[in-house]
Amino acid sequence: MTRGQFTKQILLGGGVMIWQPLDACMRCGVRPDGHWFTSHVRPFRRRPEEVKVTDIEVNVNIKGQVATTEMFLSFKNPGTRPAEGKGIFPVPVGCVLKQFGMEGASGKLEAKLLPKDEARRIYDHIVSRMMDPAILEFAGLGAVETGVFPVPAGKSVRLRMVYEEVLKADGDRVDYVLPRTQTMVKEAPTWKISVNWKDEKGIKGVYSPTHGIEQKRGDDGSVTISLGEKLNPGPLRISVLRKVSEGAVASVVSYEEKADEGYLMMLLSAPERGKAVKLKREVTVVMDRSGSMAGKKLSQVKAAVRQVLGGLEDGERFNLITYNES
């Protein structure tokens, strides 16, 4: 039993012991000295309802490696009196807070951009009070701390935040990350996200390893990326391959989970087809079927092989080579 549970049990037990004698006196309606009494009843006070974030709209504009993220957050006060909304919003380390304000309100509004170390201290403090363990997912990021007052009773206010950052490039690949929690919480806010990405060299390919995206090419070479209203939890990650040449463009992303174990992902954009004659492909698949591949690993490899073969066209050839420890 935790200390909080123990305290709760003590308070509940004490409440029963106090209530029973009072209830007996109220039934008889008279004190021992023979005088009637009027019971003193304290009014029941509900815990004030907290201000909640109901909707989040994000518009991202990226030029080359400079990303401008505009975020609108709707705060709703379900209570019967004006209240203050407080929030800590994770942001990428090194970003610059450009604009911050509340639409259609003249109340008090403050915001402070926290560095990673200060943000980590606040996250750890929240977790130690058991308010939201999922907040640790943002421990490696910076944060914007804000207070919004007043939020009128039964109404909503809309906050606008704009920050800029320089995205990191890995060869011909540039990555953008929008921090979002991995945990699906009850009454989670509704997200609406759109991204417009333009590069002077052009964009060969766009990929998101975390979310399903729809992309539309513009006449100016830009790419507009949109997501559905019902988003899976977790940070949004988008990678683009820049058009550095007319040939193929490739980039490798690796992740080490344990010693000698991890994952590898290759992003590959084919060269421009132009007027070249289309050639028939010949594909050779080499598959490890040793004992260490038994179970889930072998099933995943088989699924990948089926996908490769399913992409071949009529008249194209393939060869399958399997091997084991012997």
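The values are calculated or read from the model by the stated rules, or taken from the named source; none is laboratory data. As the structure is a computational prediction, the values presented were derived from the model and not from experiment. Here Cβ is always computed from backbone atoms with ideal geometry, including for glycine, and neighbour counts include all displayed protein chains. Quick note on the areas: whole protein, heavy atoms, side chains included, nothing else; ligands and nucleic acids left out. Shrake-Rupley method; radii C 1.70, N 1.55, O 1.52, S 1.80 Å.
Note on the range 212-264: among residues that are assigned to a loop (DSSP other than H, G, I, E, B) and among the hydroxyl-bearing types (Ser, Thr, Tyr), the one that is surrounded by the fewest Cβ atoms within 10 Å (Cβ to Cβ) is SER245. Among the residues making up the range 92-108, those that are surrounded by 16 or more Cβ atoms within 10 Å (Cβ to Cβ), in contact with a Leu (Cβ under 8 Å, 6 or more places away or on another chain) and at pLDDT below 85 are PHE100, MET102.
Taken together, the residues in the range 193-211 that are open to solvent by 20 Å² or more (accessible area, probe 1.4 Å) and on the phi > 0 side of the Ramachandran plot amount to 0. Among the residues of the range 47-72, which ones are of a type outside the set (Lys, Arg), open to solvent by 30 Å² or more (accessible area, probe 1.4 Å) and part of a strand (DSSP E or B)? Within the range 47-72, VAL53, THR54, ASP55, GLU57, ASN59, ASN61, VAL66, THR68, GLU70 meet the criteria. Only one of (1) on the phi > 0 side of the Ramachandran plot; (2) in contact with a Pro (Cβ under 6 Å, 6 or more places away or on another chain) is not met by GLY221, so which one is it? It fails just one condition, (2). Within the set THR54, THR68, the sole residue that is hydroxyl-bearing (Ser, Thr, Tyr) and at pLDDT 90 or above turns out to be THR68. Would you check if VAL151 is open to solvent by less than 50 Å² (accessible area, probe 1.4 Å), under 18 Å from ASN59 (Cβ atoms), touching a strand residue (DSSP E or B) at 6+ places or on another chain (Cβ under 9 Å) and of a type in the set (A, V, I, L, M, F, W, C)? When the stated conditions are applied, VAL151 does not pass them. Sub-8 Å Cβ pairs linking a first residue in the range 300-323 that is closer than 14 Å to ARG281 by Cα to a second residue that is of a type in the set (Ser, Thr, Tyr) and open to solvent by 60 Å² or more (accessible area, probe 1.4 Å), at least 6 apart or interchain, are PHE318/THR284; ASN319/THR284, ordered by first then second residue.
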